[in-house]
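A short write-up of the structure that comes next.
What follows draws every value from the coordinates through simple rules; no lab data is involved. Because the structure is a prediction, the values reported are computed rather than measured. Note that we place each Cβ from the backbone using ideal geometry, even for glycine, and neighbour counts take in every protein chain shown.
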Amino acid sequence: MPGEKRSLSELLGQVKGALEKELPDHYWVIAEIMELRENRHCYLELIEKSEENDSLLARVRATIWASRYDMLRPFFEASTGSPLKSGIKILCKASVEFHPLYGLSLNITDIDPSYTLGDLARKKQEVIQRLRKEGVFDMNRELLFPLVPQRIAVISSETAAGYGDFSESILHNSHGFRFQTTLFPAVMQGDEAPASISSAMEKIYESESDFDCVVMIRGGGSKADLESFNHYDLAYFITQFPLPVITGIGHERDESVADMVAHHGLKTPTAVAEFLVDQLLAFEFRLSALADRLLTSVRNRVLGDLSRLERYQGDIMHLSRGLLQKQGEQLRQIRERLQRELSIQMDKKGDYLALLEKRTELVDPRNILLRGYSMTLLEGKTLRSIRNIKPGSLLETRLHDGSIISKVEPSSKTNDKRED
């Protein structure tokens, strides 16, 4: 037989009564906000996830009535710098309520902001530790920063005041340095920011060789806006990027994970512009210093060479004088030798001429005639043979003291025969 019968409303009414009787007035509950809607009152969907595999362990609706929400919301935002939103954990004071029509829910009457701050800080540290464990934390910082960064890829909201400040500062810098900036628009705050910024970086990567570095800037904002830059995926993307990344996301006191892993983490967009201008100014100073060093080196080299030339000039004059004296002495000695040799040769030639003269005297016909010889001439020419003599020819016979003219008569030729 069935037991006591009751209606559903009666059963759920008993459940409500039992809960109100057995449970305390309130609990401090740790939960993550999955969904949040505001319609004068604040309606939330609270969940708990497994730390091992992120699976859902529990889920419940919660409400903050307007009278309490108008006090809790500004206090929470002022304390944490972040609004109540999905994805954050809260420690809330809540009572358990059960309504036969709407079921189980929590009525939140207070929220401890210090827990949320601790949880955000814990998540930030977990991201930092994960990046360090993976060995990528310092990868972008280890890239060589260009000496003259003039081609700048800018990630920012096109309408952001920070982008305007950056452009004004860098394009109209007081030194007249020229920069080429290209904007890659992105959402710079809220839950969409990490994916939007990563997408802009992917577009820059497609034309990587056109840029020297990447600038990631936004204007000032609440502390909650900084949470987007603590996202693991965005931070990891920065560590892997092949160009140096400079951040200027508008927070003077807080440092995001993106700031930590970027090549340079600066506070404001204007500070980024000043940093880039300073890089070119430092390069100009280095060039000026190198030019001064080169000028000094050249001047010292020229002065040193002039000094050496002066020494060489003195040495050359001294050496030339000695060489000329030596060559002069050698020429004098050669001249004396030539004079001696010439005198000897002249004497030899004189003796030879005297000998020739003596020989000439000996063969002179006049001297031969003085020794008793005579010379016969036919028609003024010396007669050497009788073959050309004709009868009737006149012959001249010369003696040392005169000449005899003879006429040839016919005769027979006789040969003198001598006996040995």
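Points worth noting:
- Looking at the chain, the DSSP beta bridges with both ends there are about 70 percent antiparallel.
- Here residue 326 is the anchor, and the aspartates and glutamates within straight C-alpha reach of less than 19 Å, apart from those fewer than 8 places off in the same chain, are 315, 336.
- Here the simple spin-label model places points 7 Å from the Cα toward Cβ, and for residue 21 and residue 202 these points are separated by 6.0 nm.
- Rounded if a/c under 1.5, otherwise prolate or oblate - segment 368-407, Cα gyration tensor axes: prolate
- Listed by chain and number, the aspartates and glutamates whose C-alpha is less than 12 Å from the C-alpha of residue 21, apart from same-chain residues fewer than 8 away, are 97.
- Each of residue 195 and residue 346 was given a label point 7 Å from its Cα along the Cα-to-Cβ line. The distance between the two points is 12.4 nm.
- The chain - convex hull of alpha carbons, volume per residue in Å³: 536
- Entries of 16/49; 85/123; 89/267; 89/123; 89/124; 124/267 with Cα pairs more than 22 Å apart: 16/49; 89/267
- Percent breakdown of C-alpha pair distances by 5 Å bin, ordered from the shortest bin, for segment 8-133: 2, 10, 17, 21, 18, 14, 9, 5, 3, 1, 1, 0
- Segment 34-72: GluC sites (Glu not before Pro) in DSSP loop, at most 11 other beta carbons within 10 Å: 51, 52
- Rounded to the nearest 20 debye, the dipole magnitude of the chain is 4520 debye, with +1 charges on Lys and Arg beta carbons, -1 on Asp and Glu beta carbons, and the Cα centre as origin.
- Calculated mean residue ellipticity, 222 nm, the chain: -16000 deg cm²/dmol, from DSSP H runs (n ≥ 4) at -39500 (n - 2.57) each, averaged per residue and rounded to 500.
- Max mean-square fluctuation residue, GNM over the chain, Cα-Cα springs under 10 Å, options 191, 347, 259: 347
- Fully extending the segment from residue 171 to residue 333, taken as 0.36 nm per residue of separation minus the present Cα-Cα distance, adds 49.7 nm.
- Label-point separation in nm, residue 159 to residue 374, each point 7 Å along Cα→Cβ: 16.1
- The chymotrypsin sites (Phe, Trp or Tyr not before Pro) of segment 68-149 meeting both criteria, a DSSP state outside H, G, I, E and B (loop) and at most 15 other C-beta atoms within 10 angstrom of the site's C-beta, are 102.
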